[in-house]
Amino acid sequence: TVVNENSVIQKVLVVFGTPIGSRKRYEDFGCSVVTQLFEPFDSVTAGWIGTSLREAIDNQANELSGLITEFRVSVSTDKVTQTYFCQCTFRIKLPSAEANRQLTTLNFNLSPQGNALALPTRQLRSPQ
């Protein structure tokens, strides 16, 4: 149950870190980003990763589309560490309140080396 901004952020992380089809009774829940981590390491794959993250937000099975507005994503690469740096910026709209006036920025790394989804490097909230 989503009750505040932190629970929305946690839900986004759970969705991004859950491969689609991995939950027995909720096969459409999750994000397909893990499947792209073993594609060639390049800007095309980075674009696919960005698309997968956006689709995860829009996917009705993830129950985020009514909570997240103005979603933007950028994905950059570090060829030395073979890591994708992801930055997702969005506004949170809680059921009990008007749209949040602050942008939330969620930064995290994706890598085929080790963990697929590293926990966020930081979370920022800036007034807008």
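Please treat every number below as a calculation from the coordinates, not as lab data. The shown structure was predicted, so the numbers you read here are calculated from the model rather than taken from an experiment. Here the Cβ is made from the backbone with ideal geometry for all residues, glycine too, and neighbour counts use every protein chain on show.
A few comments on the model shown:
- A simple packing score, the average count of other Cβ atoms within 10 Å per residue, orders the peptides 35-41, 84-90 as 84-90, 35-41, with the highest score first.
- Given R0 = 41 Å, the distance between the Cβ atoms of THR69 and THR35 translates into a calculated FRET efficiency of 0.95.
- Placing a label point 7 Å from the Cα of ARG91 along the Cα-to-Cβ line, the residues of the range 39-70 whose backbone N sits under 12 Å from it are 68-70.
- Here the 3J(HN,Hα) profile of the range 27-35, calculated from phi with Karplus coefficients 6.51, -1.76 and 1.60 at θ = phi - 60°, is 5, 8, 6, x, 9, 8, 4, 4, 5 Hz, Gly and Pro shown as x.
- With the highest mean first, a sort of the peptides 74-83, 10-19, 60-69 on other beta-carbon atoms found within 10 angstrom per residue produces 10-19, 60-69, 74-83.
- Restricting the calculation to Cα atoms, the range 1-72 shows an Rg/Rh of 0.99 when the hydrodynamic-style radius is the Kirkwood one.
- Rounded FRET efficiency, nearest 0.05, which uses the C-beta distance separating GLU55 from GLN102 and R0 of 30 Å: 0.75
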